[in-house]
1. Ignoring ligands, DNA and RNA, how much accessible area is buried between chains A and B, both sides summed, with a 1.4 Å probe, to the nearest 100 Å²?
2. Given N residues in chain A, what is Rg(Cα) / (2.2 N^0.38 Å)?
3. Based on the Cα atoms of the protein assembly as shown, what semi-axes does the equivalent ellipsoid have, where each is the square root of 5 times one gyration tensor eigenvalue, given in whole Å with the largest first?
4. Taking the Cβ of A:S51 as the center, what net charge do the other residues with Cβ under 15 Å away carry, scoring Lys and Arg +1 and Asp and Glu -1?
5. What does the charge add up to near B:S18, with Lys and Arg as +1, Asp and Glu as -1, over the other residues with Cβ less than 13 Å from its Cβ?
6. Within 10 Å of each Cβ of B:97-105, how many other protein chain Cβ atoms are there on average?
7. What are the semi-axes of the equivalent ellipsoid of the range B:1-92, taken as the square roots of 5 times the eigenvalues of the Cα gyration tensor, listed largest first and rounded to whole Å?
8. Please flag any cysteine in chain B that has no other cysteine's Cβ under 4.7 angstrom from its own Cβ.
Amino acid sequence: GIQVEQSPPDLILQEGANSTLRCNFSDSVNNLQWFHQNPWGQLINLFYIPSGTKQNGRLSATTVATERYSLLYISSSQTTDSGVYFCAVGPGANSKLTFGKGITLSVRP
Amino acid sequence: GAVVSQHPSWVICKSGTSVKIECRSLDFQATTMFWYRQFPKQSLMLMATSNEGSKATYEQGVEKDKFLINHASLTLSTLTVTSAHPEDSSFYICSVPKATNEQFFGPGTRLTVL
């Protein structure tokens, strides 16, 4: 099956700093999503981005499908950005998602 | 986005009892739903694919007789943990893929088996 690796596993930032989270995957995908898991466990959809670049406020994401990686950028980080960020990929339409192990982000005031 | 609900949000039960978890797609009809499980400090692992009108597809290592899945309608899938044991204690989350291929997740159900 598809392998998904996220890095770094843990990240500590000072409020206001920028960061880049990386997701590498081992095979071609038709679905790539970034999620933020809040303290109650809810997965918040950040981006659906099997290819290309998208931006939403302070967050942006880029997926280079031919090189099998995706990047999530967080600018001007805030304490509310703390939590676990997951990258998940799927091979086809309506297919199951394979999750990476997640990146734990702590933003300190 | 899509709205996905789960019920209950948390449940505590005694070992040996069965627990039913509901996943509802409130604004989208889904022929397929997915069930994931997440242990503390770990990632989400797919348990099974719930198919409306046919049997569920289970991932390797997931006991289909222990985790019963019924896709009763285009908006409802249920997961029943039969004869639950403490090792089944986990966070169970369902997801619904929309026509755009993007998946949306329910808020999860935290199961504790005493």
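1. Values: alone 6060 and 6380 Å², together 10850 Å².
Summed over both sides, the interface buries about 1600 Å².
2. Numbers: Rg = 13.2 Å, N = 109, 2.2 N^0.38 = 13.1 Å.
Output field value: 1.01.
3. Values: eigenvalues 179, 82, 46 Å².
So the three semi-axes of the protein assembly as shown are 30, 20, 15 Å.
4. Details: positive: A:K54, A:R68; negative: A:D27, A:E67, B:E102.
Net charge in that neighbourhood comes out at -1.
5. Numbers: positive: B:K14, B:K20, B:K66; negative: B:D65, B:D88.
Residues close to B:S18 contribute a combined charge of +1.
6. 6
7. On the way: eigenvalues 89, 43, 36 Å².
Equivalent-ellipsoid dimensions as semi-axes: 21, 15, 13 Å.
8. So far as the 4.7 Å Cβ criterion goes, B:C13 stand without a partner in chain B.
The values are calculated or read from the model by the stated rules, or taken from the named source; none is laboratory data. Remember, predicted model here, so these are calculated numbers, not experimental data. Reconstructed Cβ throughout: ideal geometry from the backbone, glycine too, with neighbour counts over all protein chains shown. Side chains are part of the model used for accessible areas, which takes the heavy atoms of the whole protein and leaves out ligands, DNA and RNA. Shrake-Rupley method; radii C 1.70, N 1.55, O 1.52, S 1.80 Å.
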